[in-house]
Amino acid sequence: GKVYGYAIDMSESGPTEGLFRDAFHKSRNNGAKVEGKFVPIDWQWDGTVKNFRHDGAWEFQLPVPGFDDLTWWNSGSLTESGSKTEHNSPDTREGMTAFIQGSTAGYFGHYYVNGITEALDAAMASGDDFPASLDSDYYVYQGENDITGQIDLGGAGLYAQDPENNYCPSPVAEGEQINDATFNCDKPGSVKSTFEDIDGLEVVAASEGLFVVIQEDSGSDVGERMFISSVLEHEDDGEELTYYFMAMSGGVINTRMMAGVGIPATASEESGGHEFSGVIDLSGMLKKDSSNFSISAGDGHAKRQAELEVPIEDKLIVIGLQAHNYHSG
């Protein structure tokens, strides 16, 4: 196999006006587009396990092979570190070769690989194992922006804090503390209005379209947050996505954690952080036609296609949660 990376024109006249990925997403709105190419690096595994000194990741500091006019669109730059990308999730709609990618900086977007069948056929016809490049487009769903006005808590997600301890001060009400999950508080005095450390990210395909579940891993002291988006769209029309609150868990000053709440009851000896970790949509697997299951066991493609037929309100979604303070008997 070959490892491909995303490369773009990084000149001032290019699609990002010379900005690398993290810098580009600051104050970037839904619908912003970045044209580029997926290009293979020269490195290829030789079948022998070696340490990271021999890894292909180093090549993303080098020029793009075969394209003098392109630069790897790294998070920081070719020489400076940036925020991590943790999870990506596939666009499973028929005819799409695409995926959604998140960043711990608090942004995410959609990569489309264009004309992949033609590119593979052309490579095969010329005697090559893999295409020299794949034309691609990237669209922003969420920039690293204030999302407090995009969050719908549905009456949930309330914080309970000690009024004598100004641990998570409100950025909008002087002398008060944040009181709900429209804000993140990842450490004393650090209140964020953006997504903070997007970790888990999973697309849920439904009959209405694509949705995305977002799971933060910020070390929030009042409880990690999890949201599901409105239907994903990236029309450059000034409209932003809505994020519906799903759950909150853990946190060293979360009152439930401080009270020793646990499952089973004796599992928690102290308050601590939790981490939502993973999403599984079971709707396609369990979908029935009359009294029979719609798909055969082990048919992954049919499972994905069946998911697209189930309305979002009828989904059965399983969530992973690591409760790091539940370590007692």
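The values are calculated or read from the model by the stated rules, or taken from the named source; none is laboratory data. From a predicted model like this one, the values you see are computed outputs, not experimental measurements. Positions of Cβ are backbone-derived with ideal geometry, glycine not excepted, and every protein chain shown enters the neighbour counts. Ligands, DNA and RNA are excluded from the accessible area calculation, which covers all protein heavy atoms including side chains. Shrake-Rupley method; radii C 1.70, N 1.55, O 1.52, S 1.80 Å.
Against the definition (open to solvent by 40 Å² or more (accessible area, probe 1.4 Å) and acidic (Asp, Glu)), how does Asp22 come out, yes or no?
Criteria not met by Asp22.
Consider only pairs whose beta carbons are under 7 Å apart and that are at least six residues apart or on different chains; among these, list those whose first residue lies in region 111-123 and is among the polar types (S, T, N, Q) and whose second residue is at pLDDT 95 or above.
Close Cβ pairs (under 7 Å, with a partner that is at pLDDT 95 or above) amount to Asn114/Asp135; Asn114/Ser136; Asn114/Asp137.
With a cut-off of at least 2 residues that are in contact with a helix residue (DSSP H, G or I) (Cβ under 8 Å, 6 or more places away or on another chain), name the strands (runs of 3 or more DSSP E) lying wholly within region 151-241.
Ranges flagged: 198-206.
Mind listing whichever residues of region 302-322 are surrounded by fewer than 17 Cβ atoms within 10 Å (Cβ to Cβ) and acidic (Asp, Glu)?
Result: Glu309, Glu313, Asp314.
Go through (1) within 16 Å of Phe20 (Cα to Cα); (2) outside any strand (DSSP E or B) for Val140 and report which single condition fails.
Condition (2) is where Val140 drops out.
So which residues in region 206-243 are surrounded by fewer than 24 Cβ atoms within 10 Å (Cβ to Cβ), within 19 Å of Leu282 (Cβ to Cβ) and among the polar types (S, T, N, Q), if there are any at all?
Listed by number, the list holds a single entry, Ser207.
Listed residues Pro65, Pro90, Pro40; which is touching a strand residue (DSSP E or B) at 6+ places or on another chain (Cβ under 7 Å) and under 26 Å from Val213 (Cα atoms)?
Pro90
Taking Thr79 as the residue in question, decide whether it is open to solvent by less than 40 Å² (accessible area, probe 1.4 Å) and either in contact with a helix residue (DSSP H, G or I) (Cβ under 9 Å, 6 or more places away or on another chain) or of a type in the set (Asp, Glu) (or both).
No, not satisfied.
What single numbered condition from (1) open to solvent by less than 80 Å² (accessible area, probe 1.4 Å); (2) within 22 Å of Ala181 (Cβ to Cβ) fails to hold for Asp299?
(2)
Name the residue that is nearest to the chain's Cα centre (by Cα), counting only residues in region 25-45 that are hydrophobic (A, V, I, L, M, F, W, C) and closer than 21 Å to Ser133 by Cβ.
Val34
Starting from residues that are modelled with pLDDT under 90 and of a type in the set (Val, Ile, Thr), keep the ones in region 262-295 and report whichever is surrounded by the fewest Cβ atoms within 10 Å (Cβ to Cβ).
Per the stated criteria, the residue is Ile263.
With respect to Gly284, determine if the residue is closer than 15 Å to Val203 by Cα, among the small types (Gly, Ala, Ser) and touching a Lys or Arg at 6+ places or on another chain (Cβ under 6 Å).
yes
Find all pairs meeting these conditions: Cβ atoms under 9 angstrom apart; at least six residues apart or on different chains; first residue within region 181-198 and more than 10 Å from Cys168 (Cβ to Cβ) and in contact (Cβ under 8 Å) with a residue 24 or more places away in the chain; second residue open to solvent by less than 20 Å² (accessible area, probe 1.4 Å) and among the basic types (Lys, Arg).
Ala181/Arg225; Phe195/Arg225; Glu196/Arg225
Could you tell me how many of the residues in region 264-311 are of a type in the set (Asp, Glu) and on the phi > 0 side of the Ramachandran plot?
The qualifying residues number 0.
Being more than 17 Å from Asp217 (Cβ to Cβ), open to solvent by less than 70 Å² (accessible area, probe 1.4 Å) and among the small types (Gly, Ala, Ser) is the filter here, so list the residues in region 155-196 that pass it.
Ala156, Gly157, Ala160, Ser170, Ala173, Gly189, Ser193
Quick one: Val279 ticks every box in (1) under 20 Å from Asn88 (Cβ atoms); (2) part of a loop (DSSP other than H, G, I, E, B) except a single one, so which number is it?
(2)
Go through (1) modelled with pLDDT of 90 or more; (2) assigned to a loop (DSSP other than H, G, I, E, B); (3) open to solvent by 40 Å² or more (accessible area, probe 1.4 Å); (4) not polar (S, T, N, Q) for Met246 and report which single condition fails.
It fails just one condition, (2).
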